[in-house]
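Scroll down for the structure; my scribbles are underneath it.
The values are calculated or read from the model by the stated rules, or taken from the named source; none is laboratory data. Remember, it's a predicted structure, so these values are computed and weren't measured experimentally. When we count neighbours, we look across all protein chains shown, and the Cβ atoms used for this are built from the backbone with ideal geometry, even at glycine. Only protein heavy atoms, including side chains, enter the accessible area calculation; ligands, DNA and RNA are left aside. Shrake-Rupley method; radii C 1.70, N 1.55, O 1.52, S 1.80 Å.
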Amino acid sequence: MMDDLRRAGRSAVDLAVDHLAAVPGGPVWRPVAEADRSWLTRQPLPGAGRPLADLLHDVRDRILPYPMGNGHPRFFGWVNSPPSPAGVLVAPLAAAMNPSCAGGEHAGVLLERTVVRWLAELVDFPYQPGAGLLASGASVATVIALATARQRAVRRQGHNVRETGLYGQRPLAIYVSAEAHSCVRKAVELLGMGSRYIRTVPVDGAYRMETGALRRLITADREAGVRPFFVAASAGTVNTGTVDPLDEVAGIARECGLWFHIDGAYGALGILAEGARHLYAGLERADSLVLDPHKWLGVPVDAGCVLFRDPVEARDTFSLVPPYLRDDEADALGWFSEYGPEQTRPFRALRVWATISHLGREGIVRLVGRTTRLARTLAAMIEASDDFDLLAPAVTSVIAFRYRPATLDAAATDALNQAIPAVVRGRGHAFLTGTRLSGTAALRACILHPETTEADLTALLDEIRTVVREATA
Ligand SMILES: Cc1ncc(COP(=O)(O)O)c(C=O)c1O
């Protein structure tokens, strides 16, 4: 078996590298051929097994030809980076070790402590041992943060949410900007806090949370007998890459006794771009900060992270150690599984460690700096054109814009911009996704690929023009 694995493993390495090398020269995305779709979705459960080498033929012929597109330098959709080479290199080794990083004394757990500290250091968040853990992504990291905040709020009323739930509590209000990611609302709903108690704080013309409105909403809730408890600011919104006025939000949170959460899933690393640090003032004051190594950093999916100011509160929220999990040799921090909902936990830390070790802090600064500069270039191209509008200032590496033909009215322009992303994707020369901003259809380009060039940005705009020309011809 080991000889088979060695032989097939060598072929798998070649397949992976050939795939990565071919991606930039191929289409960004292609539809799945009918025969392959049928194979992908309808295979019967195999009765007898097959040799390892055989499996690779299917991977080569039926799976690798249909990537999502995010390995390509002209992929500008959502927030999905190409995989870091170091992450690709070590992923099979994590599988070979296959530990559960719930806890115990082994490399997976010990390395996770280091990478969590490194992530905190990268964004200058005050690190305390035990105050953070990896998760599948920002969505789960946000659930961990909100659950912890909920427990603290209920503890302050002399109860334990784990015993009583929220029964008998006054409703707890959650404040997010109109531009917050949907993962916050999902977490609120999941934790039984009720989306009715989410207060949507308006944003200013640059899509930043309006702190005056935040204050007014908090006051109104107090007067209505609702308890203000959690404010989530963004360090890099998904629509426009905007950073909220973190320091001001931190001040209001402290003054009003709210938990201060920052969603830096995509944009926290933007603090490393030249001249950007002042935008992030106040990040270090958060009670919890979410940032995703599987976004800007390029760690192969999945790798999210939540950092806490205080490690004790997360443990108080999640720790449950039955006799069969008791570890009398554990150090004072205990197990990772005491700080979040996952018991068996994958060895995510190896991919994060390898990616950061390969790039070093300097390489990460270069990556963030380069992609941020490209975003500024795209914004400048849009502003210099007479057929596109820039919809928000370029702050990080997300650009929101709109195609604006001279001849169409507002409704037709809206319909056109809504239709553009799917048509662009279908042609395979570029990949972008859309959104809605201030009630109208918008295009957005998120630049994360280290090999994207200015020529790719020109190609993106030209591709949109071509699509529109063909649609209106
Ligand atoms: C700002 C922001 N927050 C949260 C998320 C959710 O992250 P995940 O998909 O890793 O759960 C995203 C995803 O793009 C995001 O951009």
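A single entry from Ala392, Ala400, Ala379, Ala354 fulfils the requirement of being open to solvent by less than 20 Å² (accessible area, probe 1.4 Å) and either within 30 Å of Met97 (Cβ to Cβ) or among the acidic types (Asp, Glu) (or both): Ala354.
Taking first residues from the range 119-137 that are buried (at least 24 other Cβ atoms within 10 Å of the Cβ) and partners that are in a loop (DSSP other than H, G, I, E, B), the Cβ contacts under 7 Å between residues at least 6 apart in sequence or on separate chains come to Leu119/Pro293; Ala131/Arg309; Ala131/Asp310; Leu133/Tyr339; Leu133/Gly340; Leu134/Ala303; Ala135/Gly340. Given the condition under 20 Å from Glu284 (Cβ atoms) and touching a Phe, Trp or Tyr at 6+ places or on another chain (Cβ under 8 Å), answer yes or no: does some residue in the range 193-205 qualify? Scanning the range 193-205 turns up no residue that is under 20 Å from Glu284 (Cβ atoms) and touching a Phe, Trp or Tyr at 6+ places or on another chain (Cβ under 8 Å).
Looking across Ala153, Ala94, Ala178, one residue alone is at pLDDT 95 or above and closer than 20 Å to Gly264 by Cβ. It is Ala178. For the range 146-153, the count of residues that are surrounded by fewer than 17 Cβ atoms within 10 Å (Cβ to Cβ) and away from the ligand (no atom under 16 Å from the Cβ) is zero. Here Tyr175 meets the list (1) in a helix (DSSP H, G or I); (2) touching a Pro at 6+ places or on another chain (Cβ under 8 Å); (3) not polar (S, T, N, Q) almost entirely, failing just condition (1). The residue that is most open to solvent (accessible area, probe 1.4 Å), counting only those in the range 357-371 that are in contact with a Leu (Cβ under 9 Å, 6 or more places away or on another chain) and farther than 20 Å from Val88 by Cβ, is Arg361. Of Gly369, Gly426, all but one fail to be more than 26 Å from Glu179 (Cα to Cα), out of contact with any helix residue (DSSP H, G or I) (no Cβ under 6 Å at 6 or more places or on another chain) and in a helix (DSSP H, G or I); the exception is Gly426.
Taken over the range 101-112, the criterion of being touching a residue at least 24 places away in the same chain (Cβ under 8 Å) and either basic (Lys, Arg) or out of contact with any helix residue (DSSP H, G or I) (no Cβ under 8 Å at 6 or more places or on another chain) (or both) is satisfied by Gly104, Glu105.
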